[in-house]
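Scroll down for the structure; my scribbles are underneath it.
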Amino acid sequence: MRRPVIAGNWKLFKTIGEATTLVNDLKVRTAGITGVDIIVAPVFTALSSVATATVGSNIRLAAQNCFWEESGAYTGEVSASLLKDAGCSHVIIGHSERRQYFAETDATVNRKIHAASAAGLTVIACVGETLTEREAEQTFVVIETQLQGALAGLRSDAVAGLIIAYEPVWAIGTGKSASEAQAQEVHAFIRSLLERLFGLPVATAVRILYGGSVKPETISGLMSQPDIDGALVGGASLSAESFAAIAGYSA
Ligand code: PEP
């Protein structure tokens with residue numbers, strides 16, 4: 001059985017004080033939730049404070065990005081080992097907003113995944129098609145290209161520990177979620193691709209999250225699908241009430 005994951009991407013929101021208040025509220029609301037990995041991804045500047053606030057709780061910490069080099073003359077970048085140092089256990093890599101606004105490519109995503117895995121972080125690797133690509137019936141081609149690029153050169157045991165987030169770009173921040181059937185269809189495709197590339201045990205182990213306008217009202221239906229192992233949540237993770245309701249979907 002794959003352990004479900006509910007991860008909150010706080011994007012470019014929340015001061016250190018606001019992030020700490022939010023996670024303290026979340027701690028109380030999610031204290032009784034067992035059997036689910038609950039992860040929050042604040043901005044870099046709040047990581048350390050949120051890490052301190054989560055000590056002793058069941059909430060884990062993710063960064064929203066990392067650089068592939070360990071250290072050096074790379075002004076403005078943050079390495080995977082520094083994220084570990086700040087208290088992160090996870091890192092989101094290849095989010096569509098980074099691909100869209102910061103020239104992230106499958107090749108840079110791949111380098112980052114290698115670096116993060118080597119540093120001992122659990123990677124949440126994001127893939128997803130745009131509306132134009134879906135309407136042109138290119139969804140599977142796009143997902144296959146992104147995944148093959150992202151996972152190139154990784155050993156099977158590293159892939160088995162990954163979390164993959166399927167996030168259709170047209171569903172992110174739009175209020176327009178993929179239907180359960182649309183999401184399941186792509187998740188099943190991703191799992192079959194993983195089997196083809198890395199074998200059945202790896203494909204069975206990898207957790208695949210859905211992301212795109214997930215709300216407390218939609219999470220149970222999504223989680224009832226056989227290949228949906230959790231959610232990457234943006235907007236609804238910015239409130240402790242709605243994120244805790246999503247994390248507690250099975251209660
Ligand atoms: C995201 O940022 O990864 C996301 C899925 O956002 P939202 O839930 O707001 O669509």
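Just so you know, all these numbers are worked out from the coordinates, no wet-lab data involved. Everything quoted here is computed from the prediction, not taken from an experiment. Note: ideal-geometry Cβ built from the backbone for every residue, glycine included; neighbour counts use all protein chains shown.
The residues listed here are 241, 217; of these, the one that is within 28 Å of residue 50 (Cα to Cα) and free of Cβ contacts under 8 Å to residues at least 12 places away in the same chain is 217. Taking region 63-98 as the range and being among the small types (Gly, Ala, Ser) and within 16 Å of the ligand (Cβ to nearest atom) as the test, the residues that pass are 63, 94, 96. All conditions in (1) more than 17 Å from the chain's Cα centre (by Cα); (2) closer than 25 Å to residue 26 by Cβ; (3) assigned to a loop (DSSP other than H, G, I, E, B) hold for residue 88, with the sole exception of (1). Checked against (1) outside any helix (DSSP H, G or I); (2) in contact with a helix residue (DSSP H, G or I) (Cβ under 6 Å, 6 or more places away or on another chain), residue 137 passes all but condition (2).
Whenever a residue of region 176-201 is without any contact (Cβ under 8 Å) to a residue 60 or more places away in the chain, its partners that are exposed (fewer than 13 other Cβ atoms within 10 Å of the Cβ) and not in a helix (DSSP H, G or I), lying with C-beta atoms within less than 8 angstrom and at least six residues away or across chains, give the pairs 180/224; 184/226; 188/226.
A quick yes/no check of all residues on (1) of a type in the set (Lys, Arg); (2) assigned to a helix (DSSP H, G or I); (3) touching a residue at least 24 places away in the same chain (Cβ under 8 Å); (4) within 16 Å of the ligand (Cβ to nearest atom):
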{"position": "7", "(1), (2), (3), (4)": "no, no, yes, yes"}
{"position": "11", "(1), (2), (3), (4)": "yes, no, yes, yes"}
{"position": "29", "(1), (2), (3), (4)": "yes, yes, yes, no"}
{"position": "39", "(1), (2), (3), (4)": "no, no, yes, yes"}
{"position": "46", "(1), (2), (3), (4)": "no, yes, yes, no"}
{"position": "51", "(1), (2), (3), (4)": "no, yes, yes, no"}
{"position": "56", "(1), (2), (3), (4)": "no, no, no, no"}
{"position": "61", "(1), (2), (3), (4)": "no, no, yes, no"}
